[in-house]
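**Q** Before we start, here is the structure in question, set down as C-alpha cells.
The values are calculated or read from the model by the stated rules, or taken from the named source; none is laboratory data. All of these numbers come straight from a predicted model, not from anything done at the bench. Cβ coordinates were reconstructed from backbone atoms using ideal geometry, including for glycine residues, and neighbour counts include every protein chain displayed.
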Amino acid sequence: MRFTSLAFLAFAALTVLLYYLFPKAKRWWVLLVADYVFYFFAGKEFLPFILFTTLVTYSFARWMQALTDRESRYLEEHRDSLSKEERKAVRSKYKTHRRWVLVSGAILGFGMLAILKYTGFIVSIFRSSGIPNLILPLGISFYTFQSMGYLIDVSRGKVAAERNFFKTALFVSFFPQLVQGPISRFADLEPQLIEGHPFDSFNLRAGLLRAAYGYFKKMVVADTAMIAVQTLAARSDELTGGYVVLLILLYSVVIYGDFTGGIDIALGIAEMLGIHPAENFNRPFSSRSVKEYWNRWHITMGSWFTDYVFYPLSVSIPMQKLSKWSRAHLGQALGKRIPVYLATIFTWFLTGLWHGAGWNFIVWGLLNCLLLLVSQELKPLWSLWQTKFPKLCASTPWHLWQATRTFLLMGLIRSLDVYRNVPKTFRLWGTIFSTFNWGEIFSGGWLRLGLGIADYAVLAGGILIIFLVSQLGKAETPLRERTAKKPVLTVFLLGAFVCVILIFGTYGIGYNAGDFIYRTF
Amino acid sequence: MKQIQLKRWLAAAAILILLALLLCALNRLLLPKYRSGNTEGRLTADYYTDVKTRHQVLFLGDCEVYESFTPPTLWEEYGISSYIRGNAQQLVWQSYYLLEDTLRYETPEVVVFNVYALKYGTPQNEAYNRMTLDSMKFSPVKLSAIRASITEEESFASYLFPLLRFHSRWKELTQDDFTYLFDSSPVSHNGYLMKTGVEPMTSSRAGSPLTDYSLPVSSMEYLEKMRLLCLKNGIELILVKSPTNSWGYWWYDEWDAQINDYAAKNGLSYYNFIPEAEKIGLDFTTDTYDAGVHLNVSGAEKLTSYFGKILRENHGLEDLRFDSGLSAVWQEKVVRYQQEKEGLLK
Amino acid sequence: MKRIGIFCLILLFCLAFSVGCKKETTVEKQDYFFSHQSVRVTTDDAAKPLLDALGTPTERIVRPSCLFGNANDVLYVYQGLEIETYTKDGIEYLYNIELVDDTADWKTPEGIGVGDARGAVVKAYGEPDSVSQNGTAVYNGKDMTLNFFYTGDTVTRIAYRKNV
C-alpha cells in the first residue's frame, strides 16, 4: 500500500473516521490495528520482523526499568544505612547492569537490521557471486532507530518504560511515519499516541491541506522530474558534462519533493488524528552552510545520530583516554581535534551506511563529513573575511550566494545516490568541467530526457508554487494553520490540489500512441 | 453567527459541486475520441445510438464480425434488422458481457458469435480493453466486464473514472477532442466499420504448429455462459468462423474440431466459412484490404448475402420490410452506407 | 524466568533470520539463446543484429493488426529458418525464432538441428520441463520457451518462443 495508491487514501480516510467514532480511551487501539493492517498489506512476510523489534523493545525496556526500580527501592530502603560511597557503588552496579541489558537489546535490534540490510553488501566486498539477497522489511531502518532510541532513553532514565506491550507496539509501528519517518522520540510521541484526541475540524483541515500539499510535491513535482533523472542515470555513459549538472538540479527537486512531500503526507494524516510528531524539515534549501543544512534537512535523523552516537561516543571513556593521550603527545591544537574528528567521521560513516548498503552511501556520508570538517577549519578565515567586509556579508546577494553554494554542493554529492557507483560518479563530476556540451543540451538535448516542454512547464510551475509556499511559510504560525482557519478557502484549495494532482500528476499507465499497440493479435 | 456558518457551508458546498462538474468535464475532454484514426474505439459507444431500433440479429466477436458482416446489406437483401457488437480483439468474456449489456435494452432472436477470440484465455491488451470497455454505459454488467478484462498492470478504478488513466492527454489534446466533446454520431453502420481499400492476399502460408491445441478452459467457460444466457432468454445462438484465414491469424483444424464437438453436443449451428470461400464468391485478390486478414466492403457484402440466405432458410428469420417504421429507419442507414461507400470509392 | 525470556527472544531472532534467508536460494531461470555468426540472441532482444547477419530473406510477411494501419509484426522467412518480430517504440524485437526444416542445416548453439534424434536433445538439454499435449518437449526460459517438435523420435521443428 503505497502512499500514492487509492487503497491508501481509502485506508487513511477510514482510519481517521474510525478513530473519532471510538470512545476516547479506546482510540489508540484503532491506531494500533490500523498500523498492522497497513503493514500487513505492505507485505505479510515483513510482520515477523517488526514484531521481533517490538518484542525486543518492550522486554528490554521493561527489564531496564525493573533494574532502575529495584535500584531506587534499594536506595530508598537503605537510605540511612548506606554511606555516600556505598550508594555510589550501588548506583554504579545497577548502571553497569543496565548497560549490559541495553547492549544486548541493541545487538538484537540493530543486529537484525544489520543482517538484513548489510549481509549482501559485506559479502559482495569479498566475492562477486552468490551474494545473498535478503528481504528488507518496509521501514525497518526507521522503526529500528526509533525503537532503539527509546531503549537508550530508558537506560538513561530519561523516560520510564511503557508497561503495556500493545502501547509499545503502537510506538514502534505508527503507520504514517513507518515508511520514511520522521524518527520520533518516545517522550514526545507516545503520550500523543495514547491520548484520545477530541475531534477538531481545524486539525482535520490543517491535516488535509498538509497531506494534499505533500501529494502535490510528490506526484506533480518529484515524480515528473524523476522521469528525466531516470533517463540521465540510465544513459550516464553518453549524458555527461552539462547533463550531470542537469541531473544534480533535477535530482535535488526529486529528493526534495519526494521526501518532504512524503513527510507532509505522514504528518498531515497524523495531524488529522490530533497527533503532531516532530518536524523533519525546515526549508533546508535556504541553508547558507552545510552545517545549517543538516540542522534543517532530515532533522530527526540528524538529531538521532547526534544524541545517540556522536555525544555518547565523544564522552565515552576510550575517547576521553584518547583525548588525553593525543593532547599530551600531539599538542593542544591537533590533540583536541583528534577525538572530535574521529567521533564525527564515525557518526557520518554510520549515517551513510544507514541510508543504504553500498559504497556510494558510505562515500556520500564521508563527503558530508569532509565538508563539515573543512568548513569548521576555515571558520577563522571566514570570521576574518566577515570583519573585513561586514556590509557585504550582511547583504542579501551574499546570503543568496551562500545558499546557492550549499545547495549545489549538497546536490553534487547527492548525485552519488543516483549513479550508485563511486568511481563513475567521480568521473562524471570531472566531465562537468571537461565536457562542454551546453549547446547540445539547449538546442534540444533537454527535451530528449523523457520530458516534453509541457512537462517542464508543469515542473517549473510546481517549483514556483513550492518556493512561494516556502516564502509565505516563514512566519511564526505555519502557513497551513493560518489557511486552515478559513474553512471556505481550505475547501477551495483542497479542490484545486485535487484537480492539479489528478491532471498533472505522474501516475498510472502513460498514455501515448507508442504504448497503444504493444503486441497486437 | 449562525448566518456566517450557513454561508460557509453553502460556499463550501458550491465549491465542491463546481469541483465535481469540472472533473466530469475534464474526464470527458481527456477521453480519446477515436474519430481521426483508430475509429474502432467508437464501436461500443455507437450501439447506444441505435437501441431504439428493433434488432433480430446480434453479432458478437472481434474484428472478424465488424469487418465481415454489413447490416445494411442484410436489410436490403433480406429485410433482416441486425446490429454488430464487435470490437478490436474483443475477448469472449467481453462478448458475453456485451450480450448482457444488450439484454438491458432488447432481446434479439438470434445471436451470431464469431469463434476466433476463443483462442485467448487471459486478458491481453490494455489498449483494446480500453476501446471495448470505456464507452460501455455504466451498469453492474460493466463492472463485471471490467473485472474479467483488466490486465495485471491496470487498475479497476481507472475504468470507473477514466481520468485516472487519460489525465496526461492534456498534452496531446487536438481539435477533435473539442469538436467531438458532445458528439455521439456513429462512425459505423450498425457496428460495421467500412473499409474500401484493396490489398490482395499474396501468401498462403499456414500458421506455425502449436505445442498445445486445446482452446483455453476459461474462454470455453464463457462460451458456455453465453449459450446458457441465450437459452434463458429464448435466443438462438449461432457460431461462425469468418472466411479469412491467413498466416498471422490462422484457424487450426484442431480448434475447429473442438468447436464442432461443442456445437454438436449442444445442438448449435456452427458455420465455418473458410472452406466455403469459393461458394461465397470471395476472391482474395480483390475482397480484402490487408492481404487476407480482413474482408473489405466488397468481401463483406458477399459474405453477408451468403449468410443472410442461411439465416432466412435455416433459422427462419422474418422479412421485416413490411414494417414501414422500421423500413424508414433502415432507409436512412442504407443511404448513409451507400454514401460512405461511394465517397470512399471515388 | 528471565533466562527463558532471553532464550525465546534468541529463538525468535533465529526464526526471523531464517525467514529472511529464504529468498537467498531462488535461482532465476536462464533464457535459451540462438546464435548465428557472432550474434547471440533470444526472444525480446533487438532483431536488427540477427536480421543483418542473415541477409535478405526469401519472403517477408507483415501481419496487419486488428486496428487499421497499425501493423507491427513481421515474419522473415529464410531457408530452413523463420524469424518473427514485433515493434515497440520504433524498435524491432525478436518474437519467435524457428528452425523449421533440415534444408539449411541450422543448429542451436548446443548443436541440435531438425532431424536429430530425441536422445541427442536430452543429451544436450537434459529432460524437458514439460511435454505438451502433442508430444512437444518444452524447456522453460525466463520469458520464453524452447520447444522441440517431434515426429516419432525425430526433431521436426525447433522453436524459440516468447511467452505471451
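**Q** Just for segment C:134-164: of the residues that are more than 12 Å from chain B (Cβ to nearest Cβ) and hydrophobic (A, V, I, L, M, F, W, C), which one is surrounded by the most Cβ atoms within 10 Å (Cβ to Cβ)?
**A** Filtering first and then ranking leaves C:Met144.
**Q** Before we move on, is A:Ile269 part of a helix (DSSP H, G or I) and surrounded by 16 or more Cβ atoms within 10 Å (Cβ to Cβ)?
**A** yes
**Q** Would you confirm, using the coordinates I've provided, whether C:Gly115 is within 15 Å of C:Tyr32 (Cβ to Cβ), out of contact with any helix residue (DSSP H, G or I) (no Cβ under 6 Å at 6 or more places or on another chain), more than 14 Å from chain B (Cβ to nearest Cβ) and surrounded by fewer than 17 Cβ atoms within 10 Å (Cβ to Cβ)?
**A** Taking the combined requirement at face value, the residue does not satisfy it.
**Q** Also: Being part of a helix (DSSP H, G or I) and farther than 28 Å from A:Thr351 by Cβ: is that true of A:Thr231 here?
**A** So A:Thr231 passes the test.
**Q** Turning to a different aspect of this structure: For segment A:401-449, name all the residues that are among the hydroxyl-bearing types (Ser, Thr, Tyr) and within 29 Å of the chain's Cα centre (by Cα).
**A** Once the filter is applied, which keeps residues that are among the hydroxyl-bearing types (Ser, Thr, Tyr) and within 29 Å of the chain's Cα centre (by Cα), segment A:401-449 yields A:Thr404, A:Thr406, A:Ser415, A:Tyr419, A:Thr425.
**Q** Got at least one residue in segment A:251-262 being of a type in the set (Ser, Thr, Tyr), more than 19 Å from the chain's Cα centre (by Cα), in a helix (DSSP H, G or I) and farther than 15 Å from A:Leu428 by Cα?
**A** No, the conditions are met nowhere in segment A:251-262.
**Q** Now a separate question. I want to confirm something. Restricting to segment B:52-101 and keeping residues that are over 17 Å from B:Tyr222 (Cβ atoms) and of a type in the set (Gly, Ala, Ser), which single residue is modelled with the lowest pLDDT?
**A** Once the filter is applied, the top-ranked residue is B:Ala88.
**Q** In the list B:Asp177, B:Asp183, which residue meets the criterion of being surrounded by 15 or more Cβ atoms within 10 Å (Cβ to Cβ) and of a type outside the set (A, V, I, L, M)?
**A** On inspection, the qualifying residue turns out to be B:Asp177.
**Q** Kindly indicate whether any position in segment A:62-77 is of a type in the set (Phe, Trp, Tyr), more than 12 Å from chain C (Cβ to nearest Cβ) and without any contact (Cβ under 8 Å) to a residue 12 or more places away in the chain.
**A** Scanning segment A:62-77 turns up no residue that is of a type in the set (Phe, Trp, Tyr), more than 12 Å from chain C (Cβ to nearest Cβ) and without any contact (Cβ under 8 Å) to a residue 12 or more places away in the chain.
**Q** Right, here's the next one. Scan the helices (runs of 4 or more DSSP H) fully inside segment B:229-345 and keep the ones with 3 or more residues being more than 16 Å from B:Tyr116 (Cα to Cα) and among the acidic types (Asp, Glu).
**A** B:324-345
**Q** Within segment A:103-120, which residues are of a type in the set (Val, Ile, Thr), within 11 Å of another protein chain (Cβ to nearest Cβ) and farther than 15 Å from A:Pro137 by Cβ?
**A** A:Ile107
**Q** Filter segment A:275-296 down to the residues that are buried (at least 20 other Cβ atoms within 10 Å of the Cβ) and either of a type in the set (Val, Ile, Thr) or in contact (Cβ under 8 Å) with a residue 60 or more places away in the chain (or both), then identify the one that is farthest from A:Leu209 (Cα to Cα).
**A** It comes out as A:Val290.
Residue by residue, here is whether (1) without any contact (Cβ under 8 Å) to a residue 40 or more places away in the chain; (2) at negative phi; (3) in a helix (DSSP H, G or I); (4) surrounded by fewer than 20 Cβ atoms within 10 Å (Cβ to Cβ) holds:
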{"site": "A:Val103", "(1), (2), (3), (4)": "yes, yes, yes, yes"}
{"site": "A:Gly120", "(1), (2), (3), (4)": "no, yes, yes, yes"}
{"site": "A:Ser124", "(1), (2), (3), (4)": "yes, yes, yes, yes"}
{"site": "A:Pro132", "(1), (2), (3), (4)": "yes, yes, no, yes"}
{"site": "A:Thr144", "(1), (2), (3), (4)": "no, yes, yes, no"}
{"site": "A:Met148", "(1), (2), (3), (4)": "no, yes, yes, no"}
{"site": "A:Arg163", "(1), (2), (3), (4)": "no, yes, no, yes"}
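**Q** Continuing with this model, one more query. Could you give me the residue pairs with C-beta distances under 7 Å whose first residue belongs to segment B:195-218 and is without any contact (Cβ under 8 Å) to a residue 24 or more places away in the chain and facing another protein chain (nearest Cβ under 7 Å), whose second residue is loosely packed, with under 15 Cβ neighbours inside 10 Å and not small (Gly, Ala, Ser) wherever it lies, and which are 6+ apart or on separate chains?
**A** Note: pairs meeting the criteria are B:Thr211/C:Asn134; B:Asp212/C:Gln133.
**Q** Here's another thing I want to ask about it. Within segment B:78-98, can one find any residue that is free of Cβ contacts under 8 Å to residues at least 24 places away in the same chain and over 23 Å from B:Lys302 (Cα atoms)?
**A** No, every residue in segment B:78-98 fails to be free of Cβ contacts under 8 Å to residues at least 24 places away in the same chain and over 23 Å from B:Lys302 (Cα atoms).
**Q** Which residue out of B:Leu26, B:Leu10, B:Leu21, B:Leu31 is at the interface with another protein chain (Cβ under 10 Å from one of its Cβ atoms) and out of contact with any Leu (no Cβ under 7 Å at 6 or more places or on another chain)?
**A** Result of the check over B:Leu26, B:Leu10, B:Leu21, B:Leu31: B:Leu10.
**Q** Determine if segment B:324-331 includes at least one residue that is touching a Gly at 6+ places or on another chain (Cβ under 9 Å), within 19 Å of B:Tyr66 (Cα to Cα), touching a residue at least 40 places away in the same chain (Cβ under 8 Å) and surrounded by 17 or more Cβ atoms within 10 Å (Cβ to Cβ).
**A** Yes, there is a match, as at least one residue in segment B:324-331 is touching a Gly at 6+ places or on another chain (Cβ under 9 Å), within 19 Å of B:Tyr66 (Cα to Cα), touching a residue at least 40 places away in the same chain (Cβ under 8 Å) and surrounded by 17 or more Cβ atoms within 10 Å (Cβ to Cβ).
Residues checked against (1) surrounded by fewer than 17 Cβ atoms within 10 Å (Cβ to Cβ); (2) closer than 30 Å to A:Phe346 by Cβ; (3) not hydrophobic (A, V, I, L, M, F, W, C):
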{"position": "A:Leu371", "(1), (2), (3)": "no, yes, no"}
{"position": "A:Val374", "(1), (2), (3)": "yes, yes, no"}
{"position": "A:Phe389", "(1), (2), (3)": "yes, no, no"}
{"position": "A:Ile432", "(1), (2), (3)": "yes, no, no"}
{"position": "A:Gln471", "(1), (2), (3)": "yes, no, yes"}
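**Q** Follow-up. Quick test of your reading of the structure: C:His36 fulfils all but one of (1) within 14 Å of chain B (Cβ to nearest Cβ); (2) at pLDDT 85 or above. Name the failing condition by number.
**A** With (1) within 14 Å of chain B (Cβ to nearest Cβ); (2) at pLDDT 85 or above applied to C:His36, the lone miss is (1).
**Q** Residue by residue through segment A:121-157, note down the ones that are more than 13 Å from every other protein chain (Cβ to nearest Cβ) and among the polar types (S, T, N, Q).
**A** Result: A:Ser124, A:Ser128, A:Ser141, A:Gln146, A:Ser147, A:Ser155.
**Q** I would also like to ask the following. Taking A:Lys95 and the conditions (1) in contact with a Phe, Trp or Tyr (Cβ under 7 Å, 6 or more places away or on another chain); (2) without any contact (Cβ under 8 Å) to a residue 40 or more places away in the chain; (3) surrounded by fewer than 18 Cβ atoms within 10 Å (Cβ to Cβ), which numbered condition does it fall short on, given that it satisfies the others?
**A** Failing condition for A:Lys95: (1).
**Q** Can you list the helices (runs of 4 or more DSSP H) found entirely within segment A:351-400 that contain at least 3 residues being under 30 Å from A:Thr144 (Cβ atoms) and under 32 Å from the mean Cα position of the chain (by Cα)?
**A** Hits in segment A:351-400: A:359-377.
**Q** Report the residue count in segment B:3-44 for those that are of a type in the set (Phe, Trp, Tyr) and surrounded by fewer than 17 Cβ atoms within 10 Å (Cβ to Cβ).
**A** Number satisfying all stated conditions: 1.
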